[in-house]
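Beneath this line is the structure, given in structure tokens, with notes to follow.
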Amino acid sequence: MSQHWHLYVMAFLYILAGFNHFRNPKMYIRIIPSYLPNPNLVNKLSGLAEIILGIGLLIPSVTKFSAWGIILLLIAIFPANLNMYLNEKAGFGLPKWVLLLRLPIQLVLIYWAYLYT
């Protein structure tokens with residue numbers, strides 16, 4: 001594996017997460033804020049975006065574009081993470097501190113993607 005193994009790890013995680021949107025849609029639909037229309041479509045689109053952007057990370061000519069796309073996606077899905085913290089039904093019974101800890105992790109993921117822009 002090359003010196004950029006962490007890029008491959010990131011790509012794999014996004015591709016895996018994207019496929020999981022289709023494998024286990026109820027989990028994702030549950031955390032989509034109620035003010036968003038058509039949660040099923042939102043889930044499919046975000047899963048497809050994760051797959052495409054994850055694959056794009058592995059293609060040198062579009063790595064930078066895909067990294068920016070991941071940053072935008074992470075910003076777009078932040079309301080779902082916030083909804084998990086604020087809405088008990090969306091929180092899967094996880095302790096509030098765990099759900100609160102998830103919020104700044106988004107910043108770490110954004111920074112990780114930014115390294116490839």
* **Cβ pairs under 8 Å, 6+ apart, first in region 2-31 and under 17 Å from Tyr116 (Cβ atoms), second of a type in the set (A, V, I, L, M, F, W, C) and at pLDDT below 95** => Tyr8/Met1
* Asked: With respect to the numbered conditions (1) in contact with a helix residue (DSSP H, G or I) (Cβ under 7 Å, 6 or more places away or on another chain); (2) more than 19 Å from Leu107 (Cα to Cα); (3) open to solvent by 80 Å² or more (accessible area, probe 1.4 Å), which one is the sole condition not fulfilled by Pro60?
  -> (1)
* Structure fact -> Note on region 36-57: residues buried (at least 18 other Cβ atoms within 10 Å of the Cβ) and either of a type in the set (Phe, Trp, Tyr) or touching a Ser or Thr at 6+ places or on another chain (Cβ under 9 Å) (or both) are Leu53, Gly54, Gly56, Leu57
* Asked: Within region 1-35, can you find the residues that are open to solvent by 80 Å² or more (accessible area, probe 1.4 Å) and assigned to a helix (DSSP H, G or I)?
  -> Trp5, Tyr8, Phe12, Leu13, Leu16, Phe19, Phe22, Arg23, Lys26, Arg30
* To do: Would you tally the residues in region 63-101 being open to solvent by 80 Å² or more (accessible area, probe 1.4 Å), under 18 Å from Met10 (Cβ atoms) and not β-branched (Val, Ile, Thr)?
  => 4
* Asked: Pairs under 7 Å by beta carbon, first residue within 12 Å of Thr117 (Cα to Cα) in region 52-63, partner assigned to a helix (DSSP H, G or I) and among the polar types (S, T, N, Q), six or more apart or different chains?
  -> Leu57/Thr63; Leu57/Ser66
* Output the number of the condition that Leu99 fails; it satisfies all remaining conditions of (1) within 21 Å of Leu16 (Cβ to Cβ); (2) in contact with a helix residue (DSSP H, G or I) (Cβ under 6 Å, 6 or more places away or on another chain). => (1)
* To do: For region 39-48, indicate whether the set of residues that are within 17 Å of Thr117 (Cα to Cα) and free of Cβ contacts under 8 Å to residues at least 60 places away in the same chain is non-empty.
  => no
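The values are calculated or read from the model by the stated rules, or taken from the named source; none is laboratory data. What you see is a predicted model, and the numbers here were worked out from it, not measured in a lab. Cβ atoms come from the backbone with ideal geometry, glycine included; neighbour counts cover every protein chain shown. When the accessible area is computed, the model is the full protein with side chains, heavy atoms only, and any ligands, DNA or RNA have been set aside. Shrake-Rupley method; radii C 1.70, N 1.55, O 1.52, S 1.80 Å.
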